[in-house]
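Here the structure is laid out as structure tokens; the discussion comes afterwards.
The values are calculated or read from the model by the stated rules, or taken from the named source; none is laboratory data. The structure presented is a predicted model; accordingly, all values stated were derived computationally and were not measured. Here the Cβ is made from the backbone with ideal geometry for all residues, glycine too, and neighbour counts use every protein chain on show.
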Amino acid sequence: MAKVSKSLEIPICKECSKLFDENEFYHISAGDYVPICKDCCESLVLSSAGELDINKLNDLLKRVNMAFYYDLWKELNILGKPYFGNYIKLLVEHKYSKRKYKDSDTIDNNKELEQTSSLLEKWGVSNVEDADFLEKEYHEWETSYEIDSKAMVDSVKQLCLIELDIRKARKKNDVQALDKLLRIKSQILGDANLKPVQETGNAANEQVSIGMLIKKFEQEEPIPEDTAPDWIDEMKVWIVGQLARMEGLQSDVTDDFNKELAKYGIDVDKELDEKLGDM
Ligand SMILES: [Zn+2]
């Protein structure tokens with residue numbers, strides 16, 4: 001049997017046993033092919049949701065003894081499908097095609113990879129875009145509600161993950177899934193005591209975060225709005241009061257006018273009584 005590739009002792013795909021055909025296997029360098037067929041390679045790097053999975057890409061590279069580089073993985077996310085085909089192209093372009101798996105970036109020698117890995121692990125997702133969305137979502141909850149117990153943290157995490165699924169179902173226009181997810185979301189919100197209608201109740205307990213306080217101030221506007229200016233009342237008293245007095249009319253306005261006027265006059269009888277009292 002002809003040896004078609006250094007890594008392909010037996011000319012069949014190591015995954016599906018498909019017979020070697022140079023069009024169906026990725027070419028690495030002269031006489032060297034990836035020992036797993038193109039179709040198998042492409043499906044092996046995908047998550048169950050059909051997205052590029054960093055861990056699965058790493059596993060496949062380990063299996064075929066090729067190097068994993070974090071920067072190439074970042075470029076691959078932009079390039080898109082076919083993922084493994086494009087990854088090999090990047091390896092060739094960067095002259096890394098001869099490198100082995102032992103030369104790979106790892107969480108011990110690459111800070112960015114370490115951060116990405118821990119973020120993906122935290123959320124149990126394979127996609128950095130998803131993880132970023134979840135982080136943002138969690139932060140929004142965190143600034144709007146007091147999340148102070150393990151149970152609350154778990155509930156909010158679940159809500160974030162459900163929100164991500166809702167977003168995906170909406171994109172796919174999957175009405176059935178969307179309906180189910182919205183029900184689950186509502187259930188979690190109820191169980192977690194986080195329903196928006198309960199916001200005012202929570203606020204009344206004064207156990208609110210800074211975010212909630214800001215929201216409360218924005219909604220309730222603690223500084224009272226300016227009512228009609230005082231001078232209107234004052235003019236009414238002086239002008240209408242004076243006219244009413246001239247006409248010999250009696251009303252609340254003339255009472256107010258007399259009261260105001262009294263501030264500037266002297267009550268002779270009262271003054272006299274006080275003087276006599278002192279003597
Ligand atoms: Zn195959």
Log entry, pairs with first residue in the range 34-57 being over 25 Å from residue 114 (Cα atoms) and near the ligand (Cβ under 10 Å from one of its atoms), second being charged (D, E, K, R) and part of a helix (DSSP H, G or I), beta carbons closer than 8 Å, six or more apart or on different chains, reads 36/63
Here the residues within the range 128-174 that are out of contact with any helix residue (DSSP H, G or I) (no Cβ under 8 Å at 6 or more places or on another chain) and not charged (D, E, K, R) are 139, 149, 151, 152, 153, 173
How many residues of the range 14-24 are more than 15 Å from residue 61 (Cα to Cα) and near the ligand (Cβ under 9 Å from one of its atoms)? The answer is 4
How many residues of the range 54-95 are assigned to a loop (DSSP other than H, G, I, E, B), of a type in the set (A, V, I, L, M, F, W, C) and closer than 20 Å to residue 129 by Cβ? The answer is 1
Would you mind stating whether residue 78 is within 16 Å of the ligand (Cβ to nearest atom), of a type in the set (A, V, I, L, M, F, W, C) and out of contact with any strand residue (DSSP E or B) (no Cβ under 7 Å at 6 or more places or on another chain)? no
Flagged in the range 96-119 as more than 28 Å from residue 134 (Cα to Cα) and among the aliphatic types (A, V, I, L, M), in numbering order, are none
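Being outside the structural domain of residue 52 (by TED's automatic domain parsing), among the aliphatic types (A, V, I, L, M) and modelled with pLDDT under 90, is that true of even one residue in the range 136-149?
Taking every residue of the range 136-149 in turn, at least one turns out to be outside the structural domain of residue 52 (by TED's automatic domain parsing), among the aliphatic types (A, V, I, L, M) and modelled with pLDDT under 90.
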_Taking the criterion of being assigned to a helix (DSSP H, G or I), in contact with an Asp or Glu (Cβ under 9 Å, 6 or more places away or on another chain) and at pLDDT below 70, would at least one residue in the range 215-235 satisfy it?_
yes
The number of residues in the range 29-53 that are in a strand (DSSP E or B) and surrounded by 18 or more Cβ atoms within 10 Å (Cβ to Cβ) is 6
